[in-house]
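These notes are about the structure you will find just below.
Quick note: the coordinates plus some simple rules give every number you see, no bench work behind them. As the structure is a computational prediction, the values presented were derived from the model and not from experiment. Reconstructed Cβ throughout: ideal geometry from the backbone, glycine too, with neighbour counts over all protein chains shown.
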Amino acid sequence: MTPELKSPNVIMPYEGNYSQEEYAQQKINEYKDAGIEPKQVFAQSFNLNDVLYWIANEPEFAEQVVYLDDRYEEPSFDFRNPQTWSA
């Protein structure tokens, strides 16, 4: 399973107390509540902070977490040229 944590359409923290971290945790909790094995879940996000949160707080799920990289939209990025890549 490859769920992507989408960017919220509301300003976070939502209603003053629902944080981005809680949103990221909710995604993992839904899989836990459904009894899904962590090794079957490849959680994804374009938000590096989501990925770092999962690594710090959900190590079993973080083993295959995916950071989605959208630099291909940047004019200076050329996937064929490693000199344009950055960490």
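Looking across 30, 22, one residue alone is surrounded by fewer than 17 Cβ atoms within 10 Å (Cβ to Cβ), without any contact (Cβ under 8 Å) to a residue 24 or more places away in the chain, acidic (Asp, Glu) and over 20 Å from residue 1 (Cβ atoms). It is 22. Restricting attention to the stretch 33-48, the residues that are within 16 Å of residue 7 (Cβ to Cβ) and surrounded by 13 or more Cβ atoms within 10 Å (Cβ to Cβ) add up to 5. Here's a check for you: in the stretch 49-68, which residue that is without any contact (Cβ under 8 Å) to a residue 24 or more places away in the chain and closer than 14 Å to residue 20 by Cβ is surrounded by the fewest Cβ atoms within 10 Å (Cβ to Cβ)? Ranking the candidates gives 56 first.
Residues of the stretch 75-85 that are farther than 30 Å from residue 39 by Cβ and surrounded by 10 or more Cβ atoms within 10 Å (Cβ to Cβ): 77, 78, 84.
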